[in-house]
Amino acid sequence: NNKLYKQELNFKIIVIGDYGVGKTSIIRRYTEGEFSTDYRITIGADFAIKTIEWDEGTRINLHVWDIAGHERFGSLLSVFFRHAVAAAIVFDLTRPDTFKSVDKWLIDLRRKIQAPDGQAIPVVILANKGDIIVKTVPQEIDEYCKLNNILAWYITSAKNNMNIDEVMIRLTNAAVKNH
Ligand code: GDP
Ligand code: MG
């Protein structure tokens with residue numbers, strides 16, 4: 001009876017975007033359930049693991065990768081993207097220039113990572129710091145998502161825990177479907 005044996009899936013999800021938009025805070029909120037206002041400047045790629053009992057027969061270990069400081073040096077090394085099955089691109093609602101950078105991050109991502117079948121990996125865009133201000137959501141975001149094959153966009157807050165779980169479930173769902 002194979003019900004006795006849970007299949008265990010390991011999925012790598014990457015979180016990218018400009019410096020200071022809240023990537024580390026989002027990952028920390030999701031994997032540790034915490035938020036702090038300290039900047040944690042770590043150099044190098046870093047990841048945290050969250051285990052989800054997905055269904056009766058499936059356990060998923062999500063490896064959520066943080067670019068940890070390298071965002072300031074421009075484009076990322078290909079090794080950071082390797083084997084990623086989904087991605088979140090984060091910008092900061094209080095700094096409109098960080099939305100302009102989303103396109104740069106998406107181009108880098110699409111150049112460096114594809115699913116094994118050659119398809120684009122699922123990507124969501126996160127408009128973070130939604131607890132501070134939500135009036136500045138860029139008007140063009142819907143259109144941008146449609147044109148660029150973005151799965152969805154969300155207003156998030158790592159501080160208030162807004163939409164963080166939803167985002168991760170959505171990405172995991174997409175990864176499971178592609179698996
Ligand atoms: P990263 O450089 O993209 O990893 O950004 P950090 O996670 O280090 O966050 C940068 C700063 O923004 C820190 O001071 C965080 O406390 C703050 N921050 C991150 N997310 C939020 C949020 O959702 N709301 C608010 N108000 N501040 C946030
Ligand atoms: Mg960081």
- Message: Every residue in the stretch 136-164 that is part of a loop (DSSP other than H, G, I, E, B) and among the β-branched types (Val, Ile, Thr), please.
- Response: THR136, VAL137, ILE150, THR156
- Candidate set from the stretch 22-34 (those that are more than 7 Å from ligand 1 (Cβ to nearest atom) and assigned to a loop (DSSP other than H, G, I, E, B)); member that is surrounded by the fewest Cβ atoms within 10 Å (Cβ to Cβ): GLY33
- Examine the stretch 79-89 for a residue that is within 15 Å of ligand 1 (Cβ to nearest atom), at pLDDT below 90 and either more than 25 Å from ASN173 (Cβ to Cβ) or not basic (Lys, Arg) (or both), and state whether such a residue exists. yes
- Task: Give the residue, chosen from PHE73, PHE91, PHE99, PHE80, that is of a type in the set (Phe, Trp, Tyr) and open to solvent by 60 Å² or more (accessible area, probe 1.4 Å).
- Result: PHE73
- Message: Being open to solvent by 70 Å² or more (accessible area, probe 1.4 Å) and away from ligand 2 (no atom under 16 Å from the Cβ) is the filter here; which residues of the stretch 152-164 pass it?
- Response: TRP153, ASN160, ASN161
- Exactly one of TYR39, TYR19 is open to solvent by 10 Å² or more (accessible area, probe 1.4 Å) and at pLDDT below 80, and that one is TYR39
- What are the residues in the stretch 126-146 that are within 9 Å of ligand 1 (Cβ to nearest atom) and out of contact with any Gly (no Cβ under 8 Å at 6 or more places or on another chain), if any? GLY130, ASP131, ILE132
- Query: more than 19 Å from VAL21 (Cα to Cα), in a helix (DSSP H, G or I) and among the basic types (Lys, Arg): does that describe ARG111?
  - Reply: yes
- Message: All but one of (1) in contact with a Ser or Thr (Cβ under 7 Å, 6 or more places away or on another chain); (2) modelled with pLDDT under 95; (3) closer than 23 Å to ASN163 by Cβ hold for GLN7; state the number of the condition that does not hold.
- Response: (3)
- Task: Go through the stretch 123-144 and give me each residue that's closer than 19 Å to LYS104 by Cβ and either in contact with a helix residue (DSSP H, G or I) (Cβ under 8 Å, 6 or more places away or on another chain) or surrounded by 20 or more Cβ atoms within 10 Å (Cβ to Cβ) (or both).
- Result: VAL123, VAL124, ILE125, LEU126, ALA127, ASN128, PRO138, ILE141, TYR144
- Query: Are there any pairs, at least 6 apart or on different chains, whose C-beta atoms fall under 8 Å, with the first in the stretch 119-140 and at positive phi and within 16 Å of ligand 2 (Cβ to nearest atom) and the second assigned to a strand (DSSP E or B) and at pLDDT 95 or above, and if so, which?
  - Reply: LYS129/ASP92; LYS129/SER157
- Item | So ALA48, is it under 15 Å from the mean Cα position of the chain (by Cα), surrounded by 14 or more Cβ atoms within 10 Å (Cβ to Cβ) and not in a strand (DSSP E or B) | no
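The values are calculated or read from the model by the stated rules, or taken from the named source; none is laboratory data. This is a predicted model, so every value here is computed, not measured. Don't worry about glycine lacking a Cβ; one is built from the backbone with ideal geometry, like all the others, and counts go over all protein chains shown. Please note that ligands, DNA and RNA were not included when accessible areas were found on the heavy atoms of the full protein model with its side chains. Shrake-Rupley method; radii C 1.70, N 1.55, O 1.52, S 1.80 Å.
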